[in-house]
Amino acid sequence: MHIDFASSRQSTLGVEWEVALVDRHTSDLRSVANEVLAQLNINHGSLGVDDEHPHVKQELLLNTVEIVTGVCETVAEAKAELHENLVAVREVTDPMEVDLYCAGSHPFAPPKLQPVTDKDRYAKMIDRTQWWGQQMVIYGVHVHVGLDSRDKALPIVDGLINYQAHFQALSASSPFWGGEDTGYASHRALMFQQLPTAGVPYHFEQWEDYEAYVADMMHTGVIDDISEIRWDVRPVPRFGTVEMRISDGLSSLQDIGAIAALTQCLVDDMSTTLDNGGTIDVMPPWFRTENKWRAARYGMEAIIILNAAGDEMLVTDHLHQELERLAPVAEKLGCSAELADVERIISGGAGYQWQHKIAAAHNGNLHEIVKDNVRRMHRA
């Protein structure tokens, strides 16, 4: 099976932001995405009610819309596009008394009661995965970075997975699930990997091995389309990108900018390494899996495995080192200010830490978590 990899400019950027729709009065999820999208199209002027909006898309659940950018040169440009389209969504949702919310999970909404978007591919997924598929009330932020060569895609997938724990710790924002404290910083990370073809990607030595894997998945009916490979990091051949899908949902554009800048800098740095004839380390699969679990469980307090030798370090300590190392890359890419916001997350706390503080301050009232998140979204 031959898979073409689209032409793309190195280190260009695209961001996808999954946003939940919540009732202004009850803080519960509202399944009104179809109405929101239809009104957005009317407001757009050039679109019919049933057309697809260029920057606001349907998602699995009717309580969710996805805001996406076009191809951006800088993180600042991506943030500006997200803000512009967030404002457009809010112009529709405000009169409906619907607020916008984004974290890795909703803290108390019953997962199995959330209606699914009426599309064949979603119905097929739910039918196949049953209980697990019905639990997917989760939200994330995905970052695409352009690659100028297909041969860089798989090594950089491996390289970004070496930083899985870093992205997970910084973005972790799903400690509550169905009204319960799970004890995890990111319950979403472990929930999503229950779907077939989700989770930590496999290592492939060459592109032909990846093509053979995709062919096997299609031949055996595991997938019908390459987009159904839902790894935490994956190549996206039709865009010519590598996509970082590790992050929980984020309510702040500053935080999204920090995650996007870290992704862009790491990919650009790895690309330069490959251009100069270097290689990217591949962690043993058992270490990759363990790092994911540690960051999902402990967040910012995770002690992570750094290399095949099993050396370990507190994830935030390693992040400080990496931010210093990547500073020249950020300056070249024009994202120094956004990369510096990673330090702000470390010092100010990740989403799961804020949620625990809010719950503790309000005698465990999880509605207050939603209200606090909505306020943060309003500052975006």
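The values are calculated or read from the model by the stated rules, or taken from the named source; none is laboratory data. Bear in mind the structure is a predicted one, so any value in this text is a computation, not a measurement. Heads up: the accessible areas ignore ligands, DNA and RNA and are worked out on the full protein's heavy atoms, side chains in. Shrake-Rupley method; radii C 1.70, N 1.55, O 1.52, S 1.80 Å.
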(request) Could you state the accessible area per residue of the range 88-148 in Å², with a 1.4 Å probe and every protein chain left in place? (result) 42
(request) State the percentage of accessible surface on the range 167-285 attributable to carbon and sulfur atoms; use a 1.4 Å probe and exclude ligands, DNA and RNA. (result) 46
(request) Could you pull out every one of the lysines with an alpha carbon less than 18 Å from that of Lys112, ignoring same-chain neighbours closer than 8 positions? (result) Lys124
(request) Take the solvent-accessible surface of the protein heavy atoms, probe 1.4 Å, and return the percent of it on the range 1-79 that carbon and sulfur atoms account for. (result) 49
(request) Over the chain, calculate the relative contact order: mean separation of alpha carbon pairs under 8 Å at least 6 apart, over the residue count, as a percent. (result) 23
(request) Can you tell me what the convex hull of the Cα atoms of the range 173-287 projects to on average, as an area in nm²? (result) 9.5
(message) If the elastic network links every pair of Cα atoms under 10 Å, which of Thr64, Thr12, Thr263 fluctuates the most in the Gaussian network model of the chain?
(response) Thr12
(request) Enumerate the lysines that Lys332 could reach by cross-link, defined here as Cα to Cα under 25 Å, with residues fewer than 8 away along the same chain left out. (result) Lys79, Lys152
(message) Quick check: the distance between the Cα centres of the range 107-128 and the range 237-288, to the nearest angstrom?
(response) 29
(request) Report relative contact order for the range 1-105 in percent, whole number only (criteria: Cα-Cα under 8 Å, sequence separation at least 6). (result) 35
(request) Considering only DSSP beta bridges where both residues belong to the chain, give the percentage that are antiparallel (nearest 5). (result) 90
(request) With runs of 4+ DSSP H residues as the only contributors, calculate the mean residue ellipticity of the chain at 222 nm using -39,500 (n - 2.57) per run, divided by the residue total and rounded to the nearest 500. (result) -14000 deg cm²/dmol
(message) Bins of 5 Å, beginning at zero and ending with the bin holding the largest distance: percent of Cα pairs per bin for the range 1-134, please.
(response) 2, 9, 17, 19, 18, 15, 12, 6, 2, 0, 0
(message) Can you return the aspartates and glutamates within cross-link range of Lys57? Criterion is Cα-Cα under 13 Å, with same-chain partners fewer than 8 residues away left out.
(response) Glu16, Glu18, Glu35, Glu66
